Amino acid sequence: MNRTLTAGLLALSLLTSAQGSLHAQENYVPSQEILESRTRFQDRKFGIFIHWGVYAMLGNGEWNMQVNNLNRDEYRHLAAGFCPSKFSAAEWVSAIKASGAKYLTITSRHHDGFSMFHSKASSYNIVDATPFGRDILAELAQECAAQGIELHLYYSHLDWDRDDYWPLGRTGHGTGRTEHGEWSSYAAFMERQLTELLTGYGKIGCIWFDGVWDRDEFPREKQPELWGLYGQYELIHRLQPGCLIGNNHHLLPFGGEDIQIFERDIPGQNEAGLSGQEISPLPLETCQTMNGSWGYRMSDMNYKSSDELIRYLVRTAGMNANLLLNIGPRADGTLPEQALERLKAMGEWLAENGESIYGTRGGIIEPQPWGVTTVKDNKLYVHILDLKENTLNLACGKNKLRGASLLSTGEKVACRQAKDGTVTLSFPEAPEGVDCIVVLDFKKTLQP
Ligand code: GLC
């Protein structure tokens, strides 16, 4: 066979297999392994997000490059000064574990293009470009495995540094990317990095994409092709068949995706303006900041209180979603004390009340101004967050009630069930505290 013919046949077979996989992901049927991962994911309920990169040195958030039009050649010099001398994977993971969170999602590469892992696809990475020279991702992966925390990886589709990220999207026009490179080269680069991430760091629970909104002038249906999503999803599911895929594109999920992400809002709410999309049947996750920033921002001391965060976790669980709560570590490798205090408080609360959160699903009653419900087997957990009266009516349908008690003390709560199924709880006075949890014990497994 002559060379041209061989090359032609090779190209043809690659094309057909690429089309095959395109098709497979478009009409995605999740494997049994993925279905099990999804269930475990939903059971875990609470994860910690970490946004960390060389931007931490400037103390002005992870969007600094775009916000202040920082030239990428200048910005790159940050790397040679990045030496997080106080970084300890063991301390981070212990603090995360103590918070009651079950997984950690960390930025492996953010929009600034700097890789926080030892990548052979680009020397602009934490090992080759910094005096620190340590692969923090490898250290975290090892520590997560040792402490039983699942590792998830954030990966940015958008890149404000590379020339081959072209055509440009709507952000990062002031960073000095000049040579109009090739999308195919950028796509190959991402494929190499994803392969590194999925083959070099043990079991990865989820790949969490971000940045597709950079090209949101194109309609939703064009996005998978623009970004080569189906090929990437196929690669991920092939390299780690149990690895979930999420994409923070603020759209209804595409084939191949396993969770639906909401940014800064509980599904169904849209205060931040990024969450107008419908709620899909996939497992849900809300990511939220502890203060107002993702990456470390020195001026942002506007932390939500521990009680607010606990209530946010509860409301998220009541909407059947997981909470991914963010921390932006400092450039020296420490987690801010304000964050550590909140992790501790959430952990103490979960140690007492975790039964009403872990392994539950959104309850049979829609979220209400007074609070939410979560459900597990034949138990309905009524989370009273803000009730001004001392009685509460709950429409429980055909489910027959056996009794009600406080989760904290086991003390009985006065209750009666009317013929139409409505359960009325009566308290000596209006319940107080961060979350008064009443456990309703039903005769049978609850049916929504
Ligand atoms: C947004 C931001 C990004 C952040 C992400 C977290 O998409 O661009 O900086 O990482 O939200 O949800």
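The values are calculated or read from the model by the stated rules, or taken from the named source; none is laboratory data. Treat the numbers as computed from the prediction; the structure is a model and nothing was measured. Don't worry about glycine lacking a Cβ; one is built from the backbone with ideal geometry, like all the others, and counts go over all protein chains shown. When the accessible area is computed, the model is the full protein with side chains, heavy atoms only, and any ligands, DNA or RNA have been set aside. Shrake-Rupley method; radii C 1.70, N 1.55, O 1.52, S 1.80 Å.
Overview of values
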| read-out | value |
| --- | --- |
| Using alpha-carbon coordinates, inclination of helix 337-353 to the longest axis of the chain, degrees | 40 |
| Nitroxide proxy distance, nm - points 7 Å out along Cα→Cβ at residue 252 and residue 195 | 3.5 |
| Cα-based helix-to-principal-axis angle, 183-200 vs the chain, degrees rounded to 10 | 60 |
| Relative packing of peptides 221-228, 154-161, 298-305, 433-440 - highest average C-beta neighbours within 10 Å first | 154-161, 433-440, 221-228, 298-305 |
| Sequence-separation-based contact order of the range 163-270, relative, with Cα cut under 8 Å and 6+ spacing, percent | 23 |
| Surrounding net charge for residue 223, when Lys and Arg each add one and Asp and Glu each subtract one, Cβ distance under 15 Å | -4 |
| Relative intensity, log₁₀ I(q)/I(0), of the chain from a Debye sum that treats every alpha carbon as a point, q = 0.06, 0.07, 0.12 Å⁻¹ | -0.29, -0.39, -1.03 |
| Pairwise FRET efficiency - residue 39 versus residue 226, Cβ, R0 = 22 Å, nearest 0.05 | 0.10 |
| Charge dipole magnitude, Cβ of K and R +1, D and E -1 - the chain, Cα centre, debye nearest 20 | 1200 |
| Apportionment of accessible area to carbon and sulfur, the chain, percent (1.4 Å) | 52 |
| Mean Cα-pair separation over length for the range 356-448, i.e. relative contact order, pairs under 8 Å, 6 or more apart, % | 35 |
| Overall form of the range 242-297 per C-alpha gyration tensor (a/c, 1.5; a/b vs b/c) | oblate |
| Local net charge near residue 430, Cβ-Cβ under 9 Å (Lys/Arg +1, Asp/Glu -1) | -2 |
| Whole-number percent relative contact order across the range 239-310, with pairs defined as alpha carbons under 8 Å at least 6 apart | 23 |
| Antiparallel %, DSSP beta bridges [both residues in the chain], to 5 | 45 |
| Accessible area expressed per residue, the range 167-280, with surrounding protein chains retained (probe 1.4 Å, Å²) | 39 |
| C-alpha center-to-center spacing [the range 45-74, the range 282-360] in angstrom | 19 |
| Theoretical gain in end-to-end length, residue 86 to residue 67 [0.36 nm per residue, Cα-Cα removed] | 4.0 nm |
| Helical contribution to [θ] at 222 nm, DSSP H n ≥ 4, -39,500 (n - 2.57), averaged over the chain, rounded to 500 | -9000 deg cm²/dmol |
| Alpha-carbon centroid distance for the pair the range 412-443 / the range 184-238, whole angstrom | 47 |
